[in-house]
Structures are given as C-alpha cells and as structure tokens.
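What follows is a set of notes on a single structure, which appears directly below.
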Amino acid sequence: MQIECYAQRLLNPFRGVVHIIRHQSAEAVTTDGVEWDIYVANDALLDGLGRAGRRAQISDIRYGHWSAEKGLKRGPLFPSDDFKRLEHMGAVVYEHLVQVHRNVPFGFRDAFELWLLDRQDQPLALLHSVRTHSETDTKPPLDWRAGMAAQEHFRSAAIADLPESAGAYLTRYVNSLASGVAQWFHRSDEGAGLGLHTLKGGDHLGGRVLEVEAFPPLFIATSGMDAPHTRLVNDYHAWQAPWMLLLPHLDTATRSALETAAWRQAESIEKHCRLYPAVIDRAALQAARVEAALVRSQPHTPKQDEAISLFYIELNSTESG
C-alpha cells in the first residue's frame, strides 16, 4: 500500500508550504503542522478518458478535519456507488496521519520549476512548481505577482514617492525586467537545472543546463538591479520572512537574516514555526511565540497602521536553491 508524505511550495507569490499525506486520490494537507484537512476524490470518474482525463476536474469531498488536540471531525457523507472505496481511502490517510503527524516537515518533491526569464534568458522570478514532468503541461499565469496581501500590507521606504503600493510597484517592476518567456526546469538535488520546454517563445533554450547559482534562492533575481530596487526586493523578502524560513535550502547567513526579520512578526511566526526545518536562534523564536500568545490573549484593537515596519537586510543570493 503506497502512501506518500511530501511538501510542496505555494507560489506566485510564494506564500508558504503545504505538507501532504497522500494515498491514491485521498490526501491530508496542512500549512501549519497542527490543523489537517482530509479530502478524497472519486478518480474512478476519469476511467476511460485517457490523456484527456489529466485535464478533467473532479471535485474533492471533505472526509474530515483533524488535530491532535481535538481529534477527527467528519465531513458530510455523500453516498455513491463508490462510497466504500472513497471511505477506505480516506481512512487509510487518516490512520497514517495519526501515526506520522509529528514527522513534519516532510521533504520537498516539487523539483519541476517554471521560471520567468529576464532579457538575458536567465531565471528572474519563480512562477510555479510541480512534482512530475507530466504536470508541466499546465499553463499558469506567466506574470510574477507580489500578491494581494503584499499590496495591502507590505511597506518599504526603498523607493521614494511611489504612486501606488509597494507591492503593486514591485509586481510591475519585476515584470518589466522579463523577456516574456517562461521556461520549465528540472532541478537536481544539488540545485542545477535542466531546461525543459518554454512558454511564449524561446524554443532554442530547451536542453540547456544552468548551474545552481543561476537560480535566485529566494525566488526573485536582483542581479543587475540598482541599489533602491535591490533594497525593495530585500524588504519584500524580510516581510515574507516567517514563511521564507520554511525553505530547507537556506544557508546559515540567509536563515539568520530572515530570522532577524521574522521575529518582528510574532503572530506569523506562530503560524509557521512548527514546520521550520532549522532554527538558529531558538531563544528569539520562543520569545516571539510568547509575544504571539500574549497578543492572542488580549482583545484586538485595530491600529492606524498594522503593517510591519521593515528594515534593510542584505540577503545572500548565492546559496543553493
């Protein structure tokens, strides 16, 4: 009986990691290592569709919600001809979840990456990632996005007198550096990337191999940017720090810099810290978690500006990705 346990990045923008326990078409998923949702899907509906079935959408059925503290809360039942099979798949995932939930973080399996290229055909910004070559036939949006949360909450003093939010400006600026071509790469365990097919041109790029240094480890390349725009990207990474720390490949200097930024965002730290693969300053982490607990215990009073005050952090851009 095959059961997979793995992690996958949530991208464009990078906004965290989902950890998955999967058996056939049933899976348990979590983004915090505490609360797990279990879903089953009736993959029998795809029988006989052949290749077309890969693009067919089948609805997930909520098997239940589980946490170690509260146990399993079952979802609504949907009797069907395949009810017993779906119930069995969900039960297999649930039973395995109870056994292995403390083993998070799981290893990452999304080694196929779609990169927006710059005008020198080098990786500029990471758009998407998948686990298998067959999944690279997907067609996600080919523009990079800072995200709606960034447009509302990200602040930076790097660029003076912006006519729009820092998040909206960063989105527009990064895309202005792009050639319009995106390319899939298969990343090796060491970080090098084998170039696969491209989207919107660049057919001659297939088959090339780029070394690990070509891929920005925090998913946006700053080489060639002037100082203010480099600072803007670094401020954005500092704002993302609580979930950037979920990445396993960070070197010590980068993780330390991200921790320094992240400790200022105590409530976000509490949401993600159980899935951190490494922590350098555990005392600071514990202090941030205590602060988060104190905040949760107090009535929430809206502030005039609840955005995080960011500061400039030099992030090493040469570690493996």
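What residue, among those in region 27-52 that are open to solvent by less than 10 Å² (accessible area, probe 1.4 Å) and modelled with pLDDT of 95 or more, is farthest from H88 (Cα to Cα)?
Only one residue tops the list, namely T30.
Which residue is modelled with the lowest pLDDT, if the candidates are limited to region 72-86 and must be surrounded by 15 or more Cβ atoms within 10 Å (Cβ to Cβ) and in a helix (DSSP H, G or I)?
Step by step, filter region 72-86, then rank; the result is R85.
Considering only region 143-164, how many residues are open to solvent by less than 40 Å² (accessible area, probe 1.4 Å) and more than 17 Å from the chain's Cα centre (by Cα)? Full working, then the answer.
In the first step, residues of region 143-164 are kept if they are open to solvent by less than 40 Å² (accessible area, probe 1.4 Å); the result is 144, 146-147, 150, 154, 156, 158-159.
Still in the list and also more than 17 Å from the chain's Cα centre (by Cα): 154, 156, 158-159.
So the count comes out to 4.
Determine which member of the set H101, H186, H133 is in contact with a strand residue (DSSP E or B) (Cβ under 9 Å, 6 or more places away or on another chain) and open to solvent by less than 30 Å² (accessible area, probe 1.4 Å).
Step by step, each of H101, H186, H133 is checked, and only H101 is in contact with a strand residue (DSSP E or B) (Cβ under 9 Å, 6 or more places away or on another chain) and open to solvent by less than 30 Å² (accessible area, probe 1.4 Å).
Taking the conditions exactly as written (under 17 Å from the mean Cα position of the chain (by Cα) and of a type outside the set (V, I, T)), does A287 satisfy them or not?
Numbers: under 17 Å from the mean Cα position of the chain (by Cα): no; of a type outside the set (V, I, T): yes.
No.
Could you tell me whether W243 is open to solvent by 10 Å² or more (accessible area, probe 1.4 Å), of a type in the set (F, W, Y) and free of Cβ contacts under 8 Å to residues at least 60 places away in the same chain? I'd like the intermediate steps shown before the answer.
On the way: open to solvent by 10 Å² or more (accessible area, probe 1.4 Å): yes; of a type in the set (F, W, Y): yes; free of Cβ contacts under 8 Å to residues at least 60 places away in the same chain: no.
No; evaluated as a whole, the condition is false for this residue.
Of the residues that make up region 208-216, is at least one within 15 Å of D235 (Cα to Cα), open to solvent by less than 60 Å² (accessible area, probe 1.4 Å) and under 20 Å from the mean Cα position of the chain (by Cα)? Lay out the reasoning, then the answer.
Our first condition is that a residue be within 15 Å of D235 (Cα to Cα); within region 208-216, this holds for none.
Looking for residues that are within 15 Å of D235 (Cα to Cα), open to solvent by less than 60 Å² (accessible area, probe 1.4 Å) and under 20 Å from the mean Cα position of the chain (by Cα), one finds none in region 208-216, hence no.
Scan region 278-287 and tell me whether some residue there is polar (S, T, N, Q), modelled with pLDDT under 90 and surrounded by 12 or more Cβ atoms within 10 Å (Cβ to Cβ).
So in region 278-287, the residues polar (S, T, N, Q) come out as 286.
From the residues that got through so far, the ones that are modelled with pLDDT under 90 too are none.
Taking every residue of region 278-287 in turn, none turns out to be polar (S, T, N, Q), modelled with pLDDT under 90 and surrounded by 12 or more Cβ atoms within 10 Å (Cβ to Cβ).
Take the conditions open to solvent by less than 50 Å² (accessible area, probe 1.4 Å), at negative phi, touching a Leu at 6+ places or on another chain (Cβ under 7 Å) and at pLDDT below 95 and apply them to V17. Does it pass? If you could, list the steps in order and put the result at the bottom.
Details: open to solvent by less than 50 Å² (accessible area, probe 1.4 Å): yes; at negative phi: yes; touching a Leu at 6+ places or on another chain (Cβ under 7 Å): yes; at pLDDT below 95: no.
So V17 does not fit the description; no.
Taking V295 as meeting all but one of (1) open to solvent by less than 30 Å² (accessible area, probe 1.4 Å); (2) within 26 Å of G167 (Cβ to Cβ); (3) in contact with a helix residue (DSSP H, G or I) (Cβ under 7 Å, 6 or more places away or on another chain); (4) aliphatic (A, V, I, L, M), write down the number of the exception.
The failed condition is (1).
Determine which member of the set G224, G201 is in a loop (DSSP other than H, G, I, E, B), over 20 Å from F14 (Cβ atoms), open to solvent by less than 50 Å² (accessible area, probe 1.4 Å) and not basic (K, R). Full working, then the answer.
Values: G224 fails: open to solvent by less than 50 Å² (accessible area, probe 1.4 Å).
Selected residue: G201, the only one of G224, G201 that is in a loop (DSSP other than H, G, I, E, B), over 20 Å from F14 (Cβ atoms), open to solvent by less than 50 Å² (accessible area, probe 1.4 Å) and not basic (K, R).
Within region 208-224, which residues are touching a strand residue (DSSP E or B) at 6+ places or on another chain (Cβ under 6 Å) and either without any contact (Cβ under 8 Å) to a residue 24 or more places away in the chain or β-branched (V, I, T) (or both)?
Answer for region 208-224, where residues must be touching a strand residue (DSSP E or B) at 6+ places or on another chain (Cβ under 6 Å) and either without any contact (Cβ under 8 Å) to a residue 24 or more places away in the chain or β-branched (V, I, T) (or both): R208, V209, I220.
The values are calculated or read from the model by the stated rules, or taken from the named source; none is laboratory data. Computed from a prediction, not measured in an experiment: that's the story for all the values here. A quick note on method: Cβ atoms are made from the backbone with ideal geometry, for glycine too, and the neighbour counts reach across all protein chains shown. We work out accessible area using only protein heavy atoms, side chains counted, and drop any ligands, DNA or RNA first. Shrake-Rupley method; radii C 1.70, N 1.55, O 1.52, S 1.80 Å.
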